[in-house]
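Reviewing the structure listed below.
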Amino acid sequence: MNLLHLSLLLLPLATAQSLSDLYVSQAPSSPRPYVVPHYANSHAVTIGSQLYRFTVTGPSSGYAFTLMSTNAPSSGSLGVLPHLHQAHYENFFNFKGRFQLWAQHGDGEQHARLLTQGDYGSVPRNTTHTFQILDPDTEMVGVISPGGFEDLFYTLGQNYTSATNTPYVPQATNDTSSSTGPSPNDISGLESFDVYAQLDFAPRRDLANGSAPAPTTTGWHTDAATLGQPGEPYFVANNYGPKYLNSAHGAYQIVQPLVTNTQSQDTNFTLSTIIMGRPRGGDDSVAPTWKAPGAAAFEVLEGAVMVRIGDYPVARLEMGDVAFIPGEVEYQYWTEGAYAKVLYVSSGKEGVDQRLIAGGTHWEFPTFPRY
């Protein structure tokens, strides 16, 4: 066999994508398929006692969105001083623990909620907001559109690495009197990062059953929630929002939209949770192939999810792992377990969540039928 024939035989092996190439510890500097394991030190920084990780960044998503996590212990003070953004739409999702979120748009009424696991808070542009972390092991997931907002944290924080990937650095402290975010002087000088201080904002403390003002029509964690009007902040308790059941692709899926294009308007993204069951008959070959013009990302909330992106081998994502899919790249996902749930974000109007909703029916439950 001559060298030419040998090189032709070896070519598929040399060009094949490997699973190790798909997994990264840092979000890449340009869009490409990748998976980041939970608690990887992806562009991590610390600000006070809070540890921020950026699993999808502006550069890695083509500036479509930023996906980040905040891990921190409980605190007697605000996590950041009150402020608003004029260009960025910020979303708060509770991965675990408890935190309190305040939001007020313009001269409207100030709203506050106590968020527990799976709860969501929407903070559109020009909405004054702040938060306070209440449980010893709390993790907030943030989705910010457009991408690139992480530059603020790089400026304010200190670079962080960990050999153990601990959620956050344990610190012995009795000082809960001051904010763990920027000081009043610092936050007032951050307008170049789209942060506009609202230091006259006084967070209300009159929450009843986790909500303020007191609900007049629907209760927090007691009644069905609806998505808010464009430009207005709103909150959706875990599994209390609108639901759509889709069974057209070989497995039951339940989409719970948190942000549609109606709410995001010109920031042009959607955000949902997707619950999925095992493919009927256990045949993963029926998992559909998806592709969209815009970038997308999954973060696993419950169970384990199998993902095949482009030419890469199948990856198994566990709780907290993130997969990123650039626009125009084909991908599949399914679960081999009985039940899995992901947080899904998509740039544009043609993401998986919107297609599943369009092909589904209204549904009342966060579980799928028996048969």
Can you give me the accessible area per residue for the chain, using a 1.4 Å probe, in Å²?
43 Å²
Along the charge dipole of the chain, Cβ charges K/R +1 and D/E -1, which of A338, L258, S29 sits furthest on the positive end?
A338
Rounded to the nearest percent, how much of the accessible area of the chain (1.4 Å probe, protein heavy atoms only) is carbon and sulfur?
51 percent
For T57, distant residues with modelled amide H under 5 Å away:
L67
With viscosity set to 1.002 mPa s and temperature to 20 °C, compute the Stokes-Einstein D of the range 89-155, Rh being the Kirkwood radius across alpha carbon pairs; µm²/s, no decimals.
170 µm²/s
Put a dot 7 Å past each Cα toward the Cβ at E302 and L207; how far apart are the dots in nm?
2.2 nm
In whole angstrom, note down how far apart the Cα centers of the range 66-132 and the range 321-371 are.
25 Å
Can you give the Kirkwood hydrodynamic radius of the range 8-96 from its Cα pairs, in Å with one decimal?
15.7 Å
What is the pair-distance distribution P(r) of the chain, computed from all Cα-Cα distances in 10 Å bins starting at 0, with each bin given as a whole percent?
5, 24, 33, 24, 10, 3, 1, 0, 0
Looking at the calculated P(r) for the range 226-371, what percent of the C-alpha pair distances fall above 22 Å?
35 percent
So, with +1 on the Cβ of K and R and -1 on the Cβ of D and E, and no other charges, what is the size of the charge dipole of the range 188-334 about its Cα centre, to the nearest 20 debye?
480 debye
Could you order peptides 220-231, 155-166 by the average number of other Cβ atoms within 10 Å of their residues, highest first?
220-231, 155-166
Restrict the search to the range 90-163; then list the GluC sites (Glu not before Pro) that DSSP places in a loop and that have at most 15 other Cβ atoms within 10 Å of their Cβ.
E109
What is the angle, in °, between the Cα long axis of helix 3-15 and the longest principal axis of the Cα atoms in the chain? Nearest 10 is fine, range 0 to 90.
30 degrees
Among A297, F235, G108, which residue has its Cα positioned farthest towards the positive end of the charge dipole of the chain, with +1 placed on the Cβ of Lys and Arg, -1 on the Cβ of Asp and Glu, and the dipole taken about the Cα centre?
A297
Return the long-range amide H neighbours of T138 (sequence gap of 5 or more, or a different chain), with a cut-off of under 5 Å between placed amide H atoms.
A72
How compact and how long is the range 218-307, expressed as Rg and Dmax of its alpha-carbon atoms in Å?
15.2, 44
Expected vector for the range 56-62, Karplus 3J(HN,Hα) from phi with 6.51, -1.76, 1.60 and θ = phi - 60°, integer Hz, x for Gly and Pro, equals 10, 10, x, x, 6, 10, x
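The values are calculated or read from the model by the stated rules, or taken from the named source; none is laboratory data. Predicted model only: the values in this text are computed from it and were never measured. Neighbour counts are summed over all protein chains in view; Cβ atoms, including those assigned to glycine, are modelled from backbone coordinates with ideal geometry. Remember, those area values only see protein heavy atoms, side chains included, never the ligands or the DNA or RNA. Shrake-Rupley method; radii C 1.70, N 1.55, O 1.52, S 1.80 Å.
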